[in-house]
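Working notes, structure below.
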Amino acid sequence: MSRLGGRSGGSTAGASVHEEETLDQVKIDRQLLRRLAVFIRPYTRRVVIAIAILLVSSVIDLVFPLLIKRGIDDCIRPGSLHELFQLSLIYLGLLIANFALRYAHLYLTGWIGQQVMHDLRVRIFRHVQSLQIAYFDRNPVGRTMTRLTSDVEALNQLFTSGIVSAFGDIITLIGITVVLFWLNVKLALVTLVVVPLLFTASMIFRSKVRRAYAIMRIKLAAMNAFLQESIAGIALIHLFDRQRTQRAHFDQLNADHRDALLRTVFYYSVFFPTVEILEALAVALILWVGGGQVIQNVITLGALVAFVQYSERFFRPIRDLSERYNVLQGAMAS
């Protein structure tokens, strides 16, 4: 029984040591990404293909508002049904092509992610087998199991929906910005007026969610370690009638993990509505300034509609990048 109590106490003490290590290590983003790049290197050619597919798909996405602009200005207002029909066929063809490209991109990134995870699990398992016995005396087995399961799955999310897709989001942002200034400089500046506010909100969000993810992972590892030790020592727990004590300890660990998870949920529940409010503000400014320009015949109605669509598409990759950052922080903590 003393062994069981000793391990439980050791787990708690070890958790605080591991907590300090993890909170320090999660800050080293570039170093961690460099280590992860080793596992991607064997699949570099496929990663490049996935990026190229995403690049073409992003360019097609940029064309849709321009087609709508042309349809309004050159087809609907003059009453040219034949040209409108041709434009609709082009729009439909691009939609089908974009669907095929998105399918290829998702399949390829999923394949890459699974291959990388396979290699990573093999590497980790071999490393665990090579560890000295003293390591397992110092570290709870549940924590090691977390490394092999939950942490690897978090990295899988990074590979399948993080790195390549984040690159596509950045390309989309740059492309939309260029098109906005090409259409109308004044309206482009109006659209971007909320960017400083968005940047400030993103920086605050990033600093808060980074630490929250590290703490959440620590609490999960502590809970898994306690579960493993409790199951391994179930005979001793029954022998010494420790069920109530163990249950109370697990309830506390479970509550700590829940609270850590809810903290990240809180940050996201504040950040995403903030982005939506700023998006609505940008659209309102575009309609106000752009509507006046349409009345004065400075720009066409189609151009105004295109601007509204581009502004919505401008904020979409920003929201997506925030989601990628969610995935990235989970992977960094892992």
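The values are calculated or read from the model by the stated rules, or taken from the named source; none is laboratory data. Worth saying up front: this structure is predicted, and the values here are computed from it rather than measured. Cβ coordinates were reconstructed from backbone atoms using ideal geometry, including for glycine residues, and neighbour counts include every protein chain displayed.
Tell me, which residue of the stretch 88-138 that is hydroxyl-bearing (Ser, Thr, Tyr) and either surrounded by 15 or more Cβ atoms within 10 Å (Cβ to Cβ) or modelled with pLDDT of 85 or more (or both) is farthest from residue 50 (Cα to Cα)?
88
Output the number of the condition that residue 304 fails; it satisfies all remaining conditions of (1) more than 15 Å from residue 194 (Cα to Cα); (2) modelled with pLDDT under 90; (3) outside any loop (DSSP other than H, G, I, E, B).
Every listed condition holds for residue 304 apart from (2).
List pairs: first in the stretch 182-197 and under 22 Å from residue 274 (Cα atoms), second of a type in the set (Ser, Thr, Tyr), Cβ under 7 Å, 6+ apart or cross-chain?
That search, which allows pairs on different chains as well, returns 191/311.
Please specify each residue of the stretch 264-293 satisfying the condition of being within 15 Å of residue 199 (Cα to Cα), β-branched (Val, Ile, Thr) and either within 16 Å of the chain's Cα centre (by Cα) or not in a helix (DSSP H, G or I) (or both).
275 - this is the single residue of the stretch 264-293 that is within 15 Å of residue 199 (Cα to Cα), β-branched (Val, Ile, Thr) and either within 16 Å of the chain's Cα centre (by Cα) or not in a helix (DSSP H, G or I) (or both).
List, please: which pairs have Cβ atoms under 8 Å, are six or more places apart or on different chains, and start with a residue in the stretch 109-135 that is part of a helix (DSSP H, G or I) and end with one that is modelled with pLDDT of 85 or more and small (Gly, Ala, Ser)?
Listed by first residue and then by second, the contacts come to 109/50; 112/50.
Among the basic types (Lys, Arg), within 30 Å of residue 71 (Cβ to Cβ) and either in contact with a Lys or Arg (Cβ under 7 Å, 6 or more places away or on another chain) or crowded, with 16+ Cβ neighbours inside 10 Å (or both) - does that describe any residue in the stretch 254-276?
no
Any idea which residue in the stretch 43-68 is nearest to the chain's Cα centre (by Cα), counting only those that are charged (D, E, K, R) and farther than 30 Å from residue 304 by Cα?
That would be 46.
Select, from 204, 218, 237, the only residue that is assigned to a helix (DSSP H, G or I), touching an Asp or Glu at 6+ places or on another chain (Cβ under 6 Å) and surrounded by 13 or more Cβ atoms within 10 Å (Cβ to Cβ).
The conditions single out 218.
Spot the failing condition for residue 47; the list is (1) farther than 15 Å from residue 176 by Cβ; (2) surrounded by fewer than 18 Cβ atoms within 10 Å (Cβ to Cβ), and only one is missed.
(2)
So which residues in the stretch 221-234 are free of Cβ contacts under 8 Å to residues at least 24 places away in the same chain and surrounded by 15 or more Cβ atoms within 10 Å (Cβ to Cβ)? Don't jump to the end; show me each part of the working.
Residues of the stretch 221-234 free of Cβ contacts under 8 Å to residues at least 24 places away in the same chain: 230-231, 234.
Within the stretch 221-234, 230 is the sole residue that qualifies.
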